[in-house]
Amino acid sequence: MPILLVLFIGIPLTILVNSFRYYFSAQLICIKIPFKRAVEVTTLSTAANMLPLPGGTVVRFAALSADAKSIGLGTTATLLSTLVWASVAIIYAGVAIAMLNHAGALPVFVTGMSGLIAAIYLLYMLRHGRAGKAGFFYIIVTEVFSCTVEALRFMLCVMAFSQLASFQQSAVFVLAGLAGSAVSIVPAGLGIREAVSALLGPVVNIDPEICFMAALLNRIIGLAGITPVAMAFAWNSHRSANADR
């Protein structure tokens, strides 16, 4: 049952939230795009993460640059949204660690807040007006929802191994997802997310083996859910390109 919940509820929610992230990233640079476009780019960028390079980032950067008709604006939106994503994830984990009364909460929280303050300063320097500020705020809200979905997915994956994890414990593992995404030398941070999850296990009093297997299961379910959707979008794009010739 937990596996089915992750596959049929967790994965669609992940795609939806990440699509809003892209949608609002475009708004950062005052570009309005159809939400369908955001879903397509998000799905393909997630699938591109399977490559041994920052495929997801490259796809989003290329798409934003094309939508904005400017490489400079595409770079700005990609960097700013990535900084917000990482900062909010670290803050989210820091709050969860604090709720577990762990001594390491403060440095984690301060690190995340430093990144967010840097992002706010960068936004101010860009001077993209009210639309850009609104996009920035919405990205922060979107990232909070994204972290919540990720925590719930991990909690359900732990349950699949007949173990229990509280939401606060599961929320700490957004750091593992962040570490996996940051390491592009292996496809989708393969092994990195799982290894970091195992290292975080003792911090939240969960067996490292269970954490490793839960992270691996989460990855497998994610691949099973995202691949058919990505293939459908890729086929549709190919068909549309042929029709335009």
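The values are calculated or read from the model by the stated rules, or taken from the named source; none is laboratory data. Note that the coordinates shown come from a computational prediction; the quantities given were computed from them, not determined experimentally. Note: ideal-geometry Cβ built from the backbone for every residue, glycine included; neighbour counts use all protein chains shown.
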Restricting attention to segment 103-138, and to residues there that are surrounded by fewer than 17 Cβ atoms within 10 Å (Cβ to Cβ) and within 23 Å of PRO202 (Cα to Cα), which single residue is nearest to the chain's Cα centre (by Cα)? THR111
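Picking from GLY56, GLY72, GLY132, GLY115, which residue would you name as being more than 29 Å from GLY225 (Cβ to Cβ) and either in contact (Cβ under 8 Å) with a residue 60 or more places away in the chain or in contact with a Pro (Cβ under 8 Å, 6 or more places away or on another chain) (or both)? Talk me through it step by step, then tell me what you get.
Working: GLY56 fails: more than 29 Å from GLY225 (Cβ to Cβ); GLY72 fails: either in contact (Cβ under 8 Å) with a residue 60 or more places away in the chain or in contact with a Pro (Cβ under 8 Å, 6 or more places away or on another chain) (or both); GLY115 fails: either in contact (Cβ under 8 Å) with a residue 60 or more places away in the chain or in contact with a Pro (Cβ under 8 Å, 6 or more places away or on another chain) (or both).
Every option except GLY132 fails the conditions.
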Just to be sure before I move on: is ALA68 buried (at least 18 other Cβ atoms within 10 Å of the Cβ), out of contact with any Phe, Trp or Tyr (no Cβ under 8 Å at 6 or more places or on another chain), within 19 Å of ILE139 (Cα to Cα) and at pLDDT below 85 in the structure I sent? yes
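Residues that are out of contact with any strand residue (DSSP E or B) (no Cβ under 7 Å at 6 or more places or on another chain) and either more than 20 Å from VAL6 (Cβ to Cβ) or modelled with pLDDT under 85 (or both), at least 1 per element: which helices (runs of 4 or more DSSP H) completely within segment 130-245 meet that? Quick ask: steps written out before the conclusion?
On the way: elements: 167-171, 174-182, 192-200, 208-243.
Qualifying helices (runs of 4 or more DSSP H): 174-182, 192-200, 208-243.
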